[in-house]
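Working notes for the structure below.
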Amino acid sequence: MSLAFTKYHGLGNDFILIDNRYSNIPLISPEQAVKMCDRHFGIGADGVIFALPGQDGTDYTMRIFNSDGSEPEMCGNGIRCFARFIADLEGEVSIGKSYRIHTLAGVITPRLEAEGQVTVDMGFPQLLAADIPTTLAAGDKKVIDVPLEVAGQSWSVTCVSMGNPHCINFVENVDQIPLEHIGPQFENHPAFPKKTNTEFIQAIAPDYLKMRVWERGAGITLACGTGACASVVAGVLTGKSERRCTVELPGGCLQIEWSEIDQRIYMTGPAQRVFIGHYEDISV
C-alpha cells in the first residue's frame with residue numbers, strides 16, 4: 001500500500017504534507033512518521049503534517065509529528081506550508097484568502113499573499129512561567145533575563161510560549177554557538193517539564209535579528225517560525241529589539257511584528273511546494 005504526499009518547505013524547514021481531510025485520525029503512526037522523515041531511508045523532512053477536518057467551526061485541523069515522532073502544539077513554518085497545501089488541494093490560490101486552522105495551540109489564521117508568501121496571525125504570546133511551562137519562576141511570574149546553568153555556563157534566558165515553549169538567549173555571535181552540543185541540553189533541562197525549543201539571537205540592529213535554533217523533537221533546523229516570533233517578543237521585553245523586525249535564519253528571513261495595537265504576533269514568510277510523490281513503505 002502506498003501513501004500520497006506533497007513535500008513543502010518554509011525557509012528550508014521541510015515537511016511532508018498528507019491529505020487527511022476525510023478522517024479525524026492521522027493516516028500514519030508516529031513511528032511511521034519517523035521512518036518517512038529519515039533523510040537516508042525515507043523521504044526526508046523535519047516533520048509530517050496532516051490536514052484533517054475542522055473542529056469547532058474552523059476550516060481545517062492541523063496536526064504534526066516531528067522527525068522523532070513527538071507531537072508539538074504548533075509549527076510556524078509548518079502552518080504556512082499547510083496553508084499553501086490546502087490552497088493547492090482546493091485548486092485555487094487566491095491572494096488574500098485566509099483559513100481558520102485548529103491546532104493544539106489554539107486557532108491560527110494564515111492568509112495567502114503574493115509571490116508564495118503567507119502571513120499568519122500567530123495570536124498572543126504567553127509570558128507567565130506556568131503557561132510556558134517552566135520552573136524558572138513562580139507560575140504567575142514572567143521569565144525575563146533569568147540565569148540558567150547549562151553545559152557548565154550561566155545563560156541569561158527569556159522564556160515565551162507561542163503555543164509551544166521557547167527559551168531565548170541573546171548572544172554576541174550566534175555563529176560561535178556549538179548548537180549540536182548545547183541544544184539537547186537546553187531541550188531536556190529539568191526546568192522545562194515539556195522540554196523546550198531554544199533560540200540563540202544576535203541583535204544586529206533594533207529591527208534586525210539573526211537567529212539559530214534547536215527545535216524540540218527535530219534538532220537543528222534551518223528555520224523556526226514560532227521561534228522567530230518568540231525571539232522578537234523576548235527582544236522587546238529585554239529592550240534589545242523593536243516590535244517589527246526582520247529575523248534572519250539559516251534558511252532565509254521572516255518578517256515578524258508584535259502589534260502595539262492588538263498585541264498579537266504577525267509572521268510573514270514563504271512556503272514552497274517541492275515535489276509530489278507516493279511513499280511505498282508505510283510499515284513500522
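The numbers here are math on the coordinates, done by the rules we state, and not lab data. This is a predicted model, so every value here is computed, not measured. So basically every Cβ, Gly included, is an ideal-geometry build from the backbone, and we count neighbours across all protein chains shown.
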In the range 4-33, the residues that are buried (at least 19 other Cβ atoms within 10 Å of the Cβ) and within 16 Å of residue 69 (Cα to Cα): 14, 15, 16, 17, 18, 26, 28, 32, 33
Within the range 39-53, which residues are small (Gly, Ala, Ser) and touching a residue at least 60 places away in the same chain (Cβ under 8 Å)? 42, 47
Restricting the range 1-28 to residues that are of a type in the set (Ser, Thr, Tyr) and under 21 Å from the mean Cα position of the chain (by Cα), which is nearest to residue 272 (Cα to Cα)? 8
Count, please, the residues in the range 223-249 that happen to be touching a strand residue (DSSP E or B) at 6+ places or on another chain (Cβ under 7 Å), of a type outside the set (A, V, I, L, M) and assigned to a loop (DSSP other than H, G, I, E, B). 5
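Could you please find all residues in the range 159-218 being in a loop (DSSP other than H, G, I, E, B), touching a residue at least 40 places away in the same chain (Cβ under 8 Å) and not aromatic (Phe, Trp, Tyr)?
162, 163, 164, 189, 190, 191, 193, 194, 196, 216, 217, 218, listed by residue number.
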Exclusive hit being farther than 23 Å from residue 111 by Cα and surrounded by fewer than 22 Cβ atoms within 10 Å (Cβ to Cβ), set 272, 255, 185, 263: 185
Just to verify a result, which residue in the range 119-143, among those that are more than 30 Å from residue 85 (Cβ to Cβ), surrounded by 18 or more Cβ atoms within 10 Å (Cβ to Cβ) and among the β-branched types (Val, Ile, Thr), is nearest to the chain's Cα centre (by Cα)? 134
Return the residue satisfying two criteria in turn: it lies in the range 34-68 and is among the small types (Gly, Ala, Ser) and within 24 Å of residue 110 (Cβ to Cβ), and of such residues it is surrounded by the fewest Cβ atoms within 10 Å (Cβ to Cβ). 57
Subset of the range 101-118 [in contact with an Asp or Glu (Cβ under 9 Å, 6 or more places away or on another chain) and surrounded by fewer than 20 Cβ atoms within 10 Å (Cβ to Cβ)]: 104, 106, 107, 109, 111
